[in-house]
Amino acid sequence: MIKSQRLSTSRVFTIALLVSLLAVIVCTASSDSLYALFFFASCSPGVFIFTIIYCYVILALEARGILYPNVFFRFMTPFLFFTLLSWLFLYPGYLSDFQQYSVAEYLDIFMDFSFDFLLPMGLCMGLISIMLPPVGKEETGLPDS
Amino acid sequence: MEGSKKRNPYKTNIILLILISGLFMLSHVLFFAFRNTIDQPPLPGQYAGYLPLGAAAKSNALELKLLVGDPGERRKLFPPLRDPKTGMILLHALQEETNSTDVNVYYRIDANGTLLDSLRVEDYDISLNREYIIHPDYYYSWFLDGSSGRQEYLPVNKDLKLGTEALRQEYEALYKKATLVQFFGYQMLWGKNGVTEGDRRRFYDTKTDKVIFLIQNKWHALFGKDLEGMPGGEKKATLDSIKALNLDRLGVPNPYLYVANFHKESQGYQEWNGMAYLNLMLGKDTLKLKTEMTVKESEGEHPLNYHHQLQYFRDETMSFPIIINENYQCYILKSRSVKKL
């Protein structure tokens, strides 16, 4: 069985700090407004706290055997999950009624959405998944079934 | 923890990934392949010939004429006023409000709906008293006679030589004869920046008020201390305002102006944006117009609640209605057959 990963406090704080910095930089760069910096900077304490919670939840899920402790799965599973959630909540702002979109137009709209939300979210999650403690080979003994 | 012992995390994670991406693909199937194919029912053919609300809109019998307003201009247009005797209409547009001055533009429209001329007044403290455009230092009788020059008040007691009792008698004599009276307190008259030092010393320091009287189409100005406390008070009048049609229920058919059809185009937050097809009527003739509008669907008796800034003014005695749109452009609706005869 997989041993639950130990996450040192200094490590989780480093991750949270880097992620909140990255979020501010990426969000500001992709926005046109001058005030964006102030807005996203004021959000960064929230990002900081959310990141700490997120790291522990990921590790807890791995300990329960729901997530496979690997950089790819650590990134892909929550990323897809949050993509689905944000798309379901935010699509009314992107898709208008009675527009009869062609495939290309629909893809364009989805790309807009991706650049607005998925890109910053994905970069932050990628950073977290890389920086979480790697799993030692001797600890990842697969169950015998 | 016994269950987790049997669980293969690799397999579980793969299944989870497939499940989430499956749901994600399902959402696209729903939005693109299903929801995207739903279309608004086509516009009935009878609405195809509706013209955009603007100066070019005309039918065989009616036409819309632009009186005042360029589309790019920022301005505010006050409701039109009408002289009951001559039928002339006065329009007041506040074109600009800056720190140094207000730009007021007045328009004169005759009883047949033709724009006669306009007057530009750039100053503070402009008010209207019946037909007169009043400033504390000068006035315009332009609406009556068309003269665009400033007119001076005929001064009474400007040298401030009358004593208290004589001033009171003078005031009462003028007040009896006057049809209109307006007061200006000394603080607003001489306490401003533009007043010369001599005037300030002479009038502000002696607390000299000013009262203007309209006597036989001439305005007289009486100067004196404590005039604001004199008996009688102001006599101010306004020209008749023109009755405005209540356009809150634009969806209900009436013989003036209503929305015949609304074509939804996109959904906003709790509302629909789209094109409204208007029937604008004069007598038995109808002018068919279209304009962009927003609609809120609400419960109750009148299900459609139109958001718009159209204004419609018409008195029973007027031969034409005045229509003001959301950009403060002023139109009149005229019958074309009358012009040919």
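The values are calculated or read from the model by the stated rules, or taken from the named source; none is laboratory data. A quick note: this is a predicted structure, and the numbers were derived from the prediction, not measured. Positions of Cβ are generated from backbone atoms using ideal geometry, with glycine treated the same way; all protein chains shown enter the neighbour counts.
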Filter the stretch B:45-58 down to the residues that are outside any helix (DSSP H, G or I) and surrounded by fewer than 11 Cβ atoms within 10 Å (Cβ to Cβ), then identify the one that is farthest from the other protein chains (Cβ to nearest Cβ).
B:A56
Of everything in the stretch B:59-77, what is in contact with a strand residue (DSSP E or B) (Cβ under 6 Å, 6 or more places away or on another chain) and surrounded by fewer than 15 Cβ atoms within 10 Å (Cβ to Cβ)? Give them in sequence order.
B:K76
Hand me the list of strands (runs of 3 or more DSSP E) wholly inside the stretch B:95-184 holding 3 or more residues that are closer than 19 Å to B:G233 by Cα.
B:127-129, B:180-184
For the subset of the stretch B:275-286 comprising residues that are out of contact with any Lys or Arg (no Cβ under 8 Å at 6 or more places or on another chain), of a type outside the set (A, V, I, L, M) and part of a strand (DSSP E or B), which member is farthest from the other protein chains (Cβ to nearest Cβ)?
B:D285
Return yes when B:I242 is out of contact with any strand residue (DSSP E or B) (no Cβ under 8 Å at 6 or more places or on another chain) and aliphatic (A, V, I, L, M) and no when it is not.
no
Any hit, the stretch B:62-75, residues being more than 29 Å from B:V103 (Cα to Cα) and either in contact with a His (Cβ under 8 Å, 6 or more places away or on another chain) or away from chain A (no Cβ under 14 Å) (or both)
yes
So the check is Cβ under 7 Å with 6+ separation or different chains; which pairs have a first residue in the stretch A:79-93 that's more than 7 Å from every other protein chain (Cβ to nearest Cβ) and a second one that's of a type in the set (G, A, S) and outside any helix (DSSP H, G or I)?
none
Taking the stretch B:93-110, which residues are among the small types (G, A, S) and either under 19 Å from B:N327 (Cβ atoms) or touching a Lys or Arg at 6+ places or on another chain (Cβ under 9 Å) (or both)?
B:A93
Which number in (1) part of a helix (DSSP H, G or I); (2) surrounded by fewer than 16 Cβ atoms within 10 Å (Cβ to Cβ); (3) of a type outside the set (F, W, Y) marks the one condition that A:T77 misses?
(2)
Taking only pairs six or more apart or across chains, which ones have beta-carbon atoms under 6 Å, a first residue in the stretch B:32-56 that is more than 20 Å from A:D108 (Cα to Cα), and a second residue that is assigned to a loop (DSSP other than H, G, I, E, B) and not aliphatic (A, V, I, L, M)?
B:D39/A:F98; B:Q40/A:F98
Taking B:T37 and the conditions (1) more than 30 Å from B:D123 (Cβ to Cβ); (2) surrounded by 11 or more Cβ atoms within 10 Å (Cβ to Cβ); (3) of a type outside the set (A, V, I, L, M), which numbered condition does it fall short on, given that it satisfies the others?
(2)
Does any residue of the stretch B:11-23 turn out to be touching a Ser or Thr at 6+ places or on another chain (Cβ under 9 Å), surrounded by fewer than 15 Cβ atoms within 10 Å (Cβ to Cβ), farther than 30 Å from B:I89 by Cβ and facing chain A (nearest Cβ under 10 Å)?
no
Within the stretch A:1-37, restricting to residues that are more than 20 Å from A:F117 (Cβ to Cβ), more than 18 Å from the chain's Cα centre (by Cα) and among the hydrophobic types (A, V, I, L, M, F, W, C), the one that is modelled with the highest pLDDT is A:L7
Only one of A:P92, A:P45 is loosely packed, with under 14 Cβ neighbours inside 10 Å and touching a strand residue (DSSP E or B) at 6+ places or on another chain (Cβ under 8 Å), namely A:P92
